Amino acid sequence: MFYLHSLVKVDLQYLKVFSEILNRIDVKDYGLKNPNHQFSGTIGAHSRHIIEFYQQFLKTYQAKEINYDSRDRDLNLEIKKHLAENHIMTLISQLEVLTLNEDEIVVTIINEQKTISSVGRELSYLAEHTVHHFALIRFIAESNGLVFKEFPEFGIAKSTKHHRLSQGN
């Protein structure tokens with residue numbers, strides 16, 4: 001189905017931008033938190049979270065049950081930037097060869113709640129979930145003086161961008 005291919009392309013686009021962003025973040029800055037919000041997590045923690053959601057999807061979607069609660073939670077991804085970068089490259093490689101012939105029904109589990117979904121819906125969810133965490137990464141980075149001038153839309157959802165354009169902003 002064509003729309004599944006376009007959903008995978010969106011996820012790939014986000015992961016490639018993510019790879020470029022991490023490449024620009026110094027190793028010492030990977031563990032930064034927002035200095036004014038102790039519960040903001042670190043850039044590394046949000047990176048781990050994004051990576052593990054994609055890993056869980058790819059590991060389990062064929063079994064027709066995606067349990068996001070049972071992801072690995074590898075804390076090394078939070079502190080070892082190079083490890084996160086390697087995992088992102090692996091995810092990109094896996095998504096680039098992903099073949100989906102139809103939008104299959106799956107069960108997802110998040111916060112111990114089971115929901116009927118589809119592979120297409122989950123690909124869309126992963127993209128939106130990623131943008132949400134991009135926004136948090138950007139918030140942490142900018143509160144510590146880091147700026148991503150090359151990526152002015154990093155952490156801004158496409159729907160928000162379109163809305164702002166329709167409002168003349």
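The values are calculated or read from the model by the stated rules, or taken from the named source; none is laboratory data. All values derive from a computational prediction rather than experimental measurement. With ideal geometry, Cβ positions are generated from the backbone for all residues, glycine too; neighbour counts draw on all protein chains shown.
Among the residues of region 32-48, those that are touching a residue at least 40 places away in the same chain (Cβ under 8 Å), surrounded by 19 or more Cβ atoms within 10 Å (Cβ to Cβ) and touching a helix residue (DSSP H, G or I) at 6+ places or on another chain (Cβ under 6 Å) comprise LEU32, ILE43, GLY44, HIS46, SER47. Residues in region 58-112 that are polar (S, T, N, Q), in contact (Cβ under 8 Å) with a residue 24 or more places away in the chain and either over 30 Å from LEU32 (Cα atoms) or in contact with a Gly (Cβ under 7 Å, 6 or more places away or on another chain) (or both): ASN101, THR108. Residues satisfying the criterion are absent from region 125-145 (criterion: surrounded by fewer than 20 Cβ atoms within 10 Å (Cβ to Cβ), more than 16 Å from the chain's Cα centre (by Cα) and farther than 30 Å from PRO35 by Cα). Only one of the numbered conditions (1) under 17 Å from the mean Cα position of the chain (by Cα); (2) modelled with pLDDT of 95 or more; (3) surrounded by fewer than 17 Cβ atoms within 10 Å (Cβ to Cβ) is violated by ILE116, and that is (1).
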